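All remarks here apply to the structure that follows.
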Amino acid sequence: MKLINYVKGVVVKNNRKNKTNKENGNAKPFMGKKTSNLNRIIADYLFEKQKNHILTEKIDPRDHEIIENAMPAISFVSQFDIDCHKENDEYNKIYSLLKESKVKMVLDDELVRIYEKNRMHTLNYLYIRRGKVIRVILGEQLQNYKCIKKIDPNKSNVILERCLSKATSNDKEHLKLLNDAILKHRHHVFMLKLRASLFKTEFSHSDYLESAAVLIASPKYQLPELMRLDDAWSAFPLKWHIHNKSISYGRAVFYAYKDGDDLSNIFSQEYSNGRFEKINELVNSAYLSPPASHMLCSRAPIINEVLLCYRNNLYSASICTALPVIEGMIWDFSKEYHALSGGVYCDNDFTKITLDSQKETSNFTVGTLLKQTKFKEVLNMEFITYFCDELYNERNPILHGQELECFSLENASKKIATIEYLLTVAAGFHKLRIMKKFDESFDEDTKKRLLKALDK
């Protein structure tokens, strides 16, 4: 129940930011309809440059420190996390100390002691987990590795690297995640730095001290890598869904799954009362419109029909329309990806693909395209697994009239979430490419002149 209330809160908050026409579901394009897409992209590029310029060169160092303290709370803590901590005695003690310290504008020494103690516990946990993974990777070489490490650490590293080359992909991933988490934790990278400037931070929509108290009580919340190391992660069915969401949202959904909560309506809650702000914004994105992309030229009206049917409780129509849209978007995105990055198709007619094995084939499906070509690099593997194992297998029985029991609110919501995911990935790919191209095209003098003009 806590999770569902949290999801509702996120949706309502986003709804306040984006007022849309509920009759046709069309979002207002950025900078107005008459402005060309190219000008919208250039304006976006200049805005990003101006923002970075302000943060790196113009902002007062004291204000920069305040922002650094605010970012972990914004990124890592949700109301769901706060609610889960409110019955924790240490959390309540920390919160009281933070409030007292804010009145005095002086950091209480006890807060520093508690934070360092909890940070040390987290670091020890990471080292223990890493040791277990290394033991599995070394296997029969464990004792040999231990003996040689005392005499010649460099030689022992050679043994580890040799065993690592033969390790499973899962063990390799876990070791990398642990090494990254340890490095981040030891050097406070993107983590809360407990300073008096903490008390100069104010959030209009929440109590920032509650968020800070969560991070002090549970420093591990600042390490999203720990989710992927959890034993329950491999069976978690919504990995693809949380991939493009905030870290705090993703953790809330994952822990709710671990606790055995019913997540069957997680998608319908996100789109309750016909709220499609994010997907409308993407459909109108300059990065998914010519000249950046042609993927939505004929599909934007069809996507609006999917949303319109959903809003009118016509779930069978919404699902049956969404399924070919989803697959068609994948095919067209793969062609755009190939045109810009190469390595997927062998000919200009897109009739042959190059497999990971470097073999060429004209006998391929969308599953082959996703799993066995370079195109999988741009799509999250969890999404590919979801698409190939669930959605693709569901498609034919539905479209051939063999499956009639799946036309539900939740299934229609899931299909819309899938469309939103693909649009998010495609828009992100094109934006990154275009921003990089602009950076390469403009020399430093031109960039400085543009920033100077914006400052006036």
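Listing for the model above:
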| quantity | calculated |
| --- | --- |
| Local electrostatic count at S408 - Lys and Arg +1, Asp and Glu -1, tallied over other residues with Cβ under 14 Å | -2 |
| Test item: Cα-centred dipole of the chain, Lys/Arg +1 and Asp/Glu -1 on Cβ, debye | 1060 debye |
| For region 250-392, radius of gyration divided by Kirkwood radius, i.e. Rg to Rh on alpha-carbons | 1.01 |
| Correct choice for volume of the Cα convex hull per residue in Å³ that was computed from the model, options [x] 143; [y] 236; [z] 209 | [z] |
| Rg/Rg_globular for region 336-376, with Rg_globular taken as 2.2 N^0.38 Å and Rg from C-alpha atoms | 0.99 |
| For q = 0.14 Å⁻¹, Debye-computed log10 I/I(0) when each Cα of region 160-293 counts as one equal scatterer | -0.97 |
| In order through region 341-358: 3J(HN,Hα) via Karplus (6.51 cos²θ - 1.76 cosθ + 1.60), integer Hz, x for Gly, Pro | 10, x, x, 9, 9, 9, 9, 6, 8, 6, 9, 9, 10, 9, 6, 4, 6, 6 |
| Label-point separation in nm, L432 to A232, each point 7 Å along Cα→Cβ | 3.0 nm |
| Point-to-point label distance, S206-T385, nm (Cα→Cβ direction, 7 Å offset) | 2.8 nm |
| Mean projection area, nm², convex hull over Cα of region 402-456 | 6.7 nm² |
| Principal semi-axes in Å for region 362-444 [√(5λ), Cα gyration tensor, largest first] | 33, 17, 9 |
| Evaluated at q = 0.09, 0.10, 0.14, 0.19 Å⁻¹: base-10 log I(q)/I(0), Debye formula over Cα of region 299-456 | -0.41, -0.49, -0.80, -1.17 |
| Rounded Å value of the spacing that divides the Cα centres of region 85-150 and region 282-327 | 46 Å |
| C-alpha center-to-center spacing [region 389-456, region 65-83] in angstrom | 26 Å |
| P(r), alpha carbons of region 30-150 - 10 Å bins starting at zero, rounded % | 9, 19, 21, 19, 20, 9, 1, 0 |
| Dipole of region 138-198, positive end: most advanced residue of N170, A196, G139 [Cβ charges, Cα centre] | A196 |
| Accessible surface of Y127 - all protein chains present, 1.4 Å probe, nearest 10 Å² | 80 Å² |
| Share of carbon and sulfur in the accessible heavy-atom surface of the chain [1.4 Å probe, %] | 52 percent |
| Local electrostatic count, L97, Cβ distance below 10 Å [Lys/Arg +1, Asp/Glu -1] | -1 |
| Cα-projected label distance for S246 with D152, points at 7 Å along beta-carbon direction, nm | 5.3 nm |
| Compactness of region 58-213, expressed as Rg and Dmax over alpha-carbon positions, Å | 20.6, 59 |
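The values are calculated or read from the model by the stated rules, or taken from the named source; none is laboratory data. The model shown is predicted, which means the values in this text are computed figures rather than measured ones. Neighbour counts run over all protein chains shown; Cβ positions are idealised from the backbone, glycine included. These area figures cover heavy atoms from the full protein model, side chains too; ligands, DNA and RNA do not enter into them. Shrake-Rupley method; radii C 1.70, N 1.55, O 1.52, S 1.80 Å.
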